[in-house]
């Protein structure tokens, strides 16, 4: 059948508050043309992120009522531990309040000046935690991943030959780990193949470097492997996930993505000595080892969500929904990342707004236009987020200028998505009227969260 049916019934709803275009112009101006500064009540369709914005199931809500809030040895922790271990096969499970907390712990221990962390593509907080430690992050996305219109099946892959070259140049002793992000968020939500993970594992073994998985969207990536990679069509998603993690020495995860949870994350690993060091830092920053900054009810919700997310009916609906919006935009001539990713639609802002130079942040200009036209909140993944300055203060632009429309899990229906497509197409048809932006205030790190901007007249 052509119709995408949501594999759930809606039991509880919350209202959306409608605004006029004139009201949104004022809201945008007061927010200094930064969607992070807009109040949630002023947003019609919120596609800023899929992190922590999912709808939990009735089973998860039931689990919340069963949460054991004991400080130490909570029964909820052991349910959480069993759930994570059943997927990753890793013996040492360390809960944290979210993914960036897990990153902070591991990079504080393994990072430092003169160290390099190599990845297919690091996302914003991952890179920030690496750089905060004094280390440097290096992105080595495959060649096809650098081109939005190339419809390759696994555009999230790491470039294996570039990986070998970089290890030789930087020295294996200076590289604490290789990180594979699944799916590749900064690279357009594109999946990573099992073969690519195997190849990366072989390189890591050759140079004695640990391989870690950024597992935020492991289930979506596993489903892509099932759909697209030879030899996996008849395997279940849990079986594919098990194999994926079997090649890794550890992983970090924000449970706010593929666990349907509103908060939470974890570290998992095979190295006992490293786990002991991580747990020590956890205790002085997050909490005891069996709660890690989370309530028992959160641990229950995550344990359940990690199993629910691997249900194939849900994953089919999830992937097809993203594909549905992508295809509607392609049909209208809107330049988007192809093929459709797993959790978001990515608009190629550079191609959408060719009249706006990168130093005027075309991605952010498009983000503002979408909010003004239809109350849609999205996020720029381009030179505002990842751009840096050279010694002369000139902008060093990001590799891609994208606008991400991240779809919360189990939240919006097909009619909401149809509305989103209508707004985008309307903005596209009037794109020549959109002006660039200039930064008036910024922080030295993670500036996109708080930056203030103004239109260029």
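The table below lists the values:
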quantity	calculated
Tally of residues being within 25 Å of residue 164 (Cα to Cα) and modelled with pLDDT under 95 across segment 90-128	7
Residue within segment 23-35 that is surrounded by 13 or more Cβ atoms within 10 Å (Cβ to Cβ), under 30 Å from residue 317 (Cα atoms) and assigned by TED's automatic domain parsing to the domain that holds residue 417 present	yes
Qualifying residues in segment 117-134 (those that are free of Cβ contacts under 8 Å to residues at least 60 places away in the same chain and touching a helix residue (DSSP H, G or I) at 6+ places or on another chain (Cβ under 7 Å)) - the one surrounded by the fewest Cβ atoms within 10 Å (Cβ to Cβ)	133
Yes/no for residue 302 being in a helix (DSSP H, G or I) and under 29 Å from residue 344 (Cα atoms)	yes
Residue check, residue 206 closer than 20 Å to residue 93 by Cα and surrounded by fewer than 24 Cβ atoms within 10 Å (Cβ to Cβ)	no
Given (1) part of a loop (DSSP other than H, G, I, E, B); (2) under 22 Å from residue 406 (Cα atoms), number of the condition residue 293 does not satisfy	(2)
The lone exception for residue 273 - which of (1) surrounded by 23 or more Cβ atoms within 10 Å (Cβ to Cβ); (2) closer than 22 Å to residue 209 by Cα it fails	(1)
Where residue 355 falls short, out of the listed (1) farther than 30 Å from residue 82 by Cβ; (2) within 23 Å of the chain's Cα centre (by Cα)	(2)
Set 384, 400: member being touching a residue at least 24 places away in the same chain (Cβ under 8 Å), out of contact with any helix residue (DSSP H, G or I) (no Cβ under 6 Å at 6 or more places or on another chain) and buried (at least 21 other Cβ atoms within 10 Å of the Cβ)	400
Qualifying positions in segment 143-183 - out of contact with any helix residue (DSSP H, G or I) (no Cβ under 9 Å at 6 or more places or on another chain) and crowded, with 21+ Cβ neighbours inside 10 Å	145
Residue within segment 9-20 that is in a helix (DSSP H, G or I) and at pLDDT 95 or above present	no
Residue check, residue 140 in contact with a strand residue (DSSP E or B) (Cβ under 9 Å, 6 or more places away or on another chain), on the phi < 0 side of the Ramachandran plot and surrounded by fewer than 23 Cβ atoms within 10 Å (Cβ to Cβ)	yes
1 or more residues at pLDDT 95 or above and closer than 21 Å to residue 139 by Cβ: qualifying strands (runs of 3 or more DSSP E) within segment 345-457	379-381, 402-406
Check on residue 107, assigned to a loop (DSSP other than H, G, I, E, B), in contact (Cβ under 8 Å) with a residue 24 or more places away in the chain and in the same structural domain as residue 205 (by TED's automatic domain parsing)	no
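So that you can scan it fast, the table gives a plain yes or no per residue for (1) in the same structural domain as residue 276 (by TED's automatic domain parsing); (2) in contact with a helix residue (DSSP H, G or I) (Cβ under 8 Å, 6 or more places away or on another chain):
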position	(1), (2)
300	yes, yes
320	no, no
323	no, no
340	no, yes
359	no, yes
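The values are calculated or read from the model by the stated rules, or taken from the named source; none is laboratory data. None of these values were measured; they are calculated from a predicted model. We place every Cβ from the backbone using ideal geometry, glycine too, and count neighbours over all the protein chains shown.
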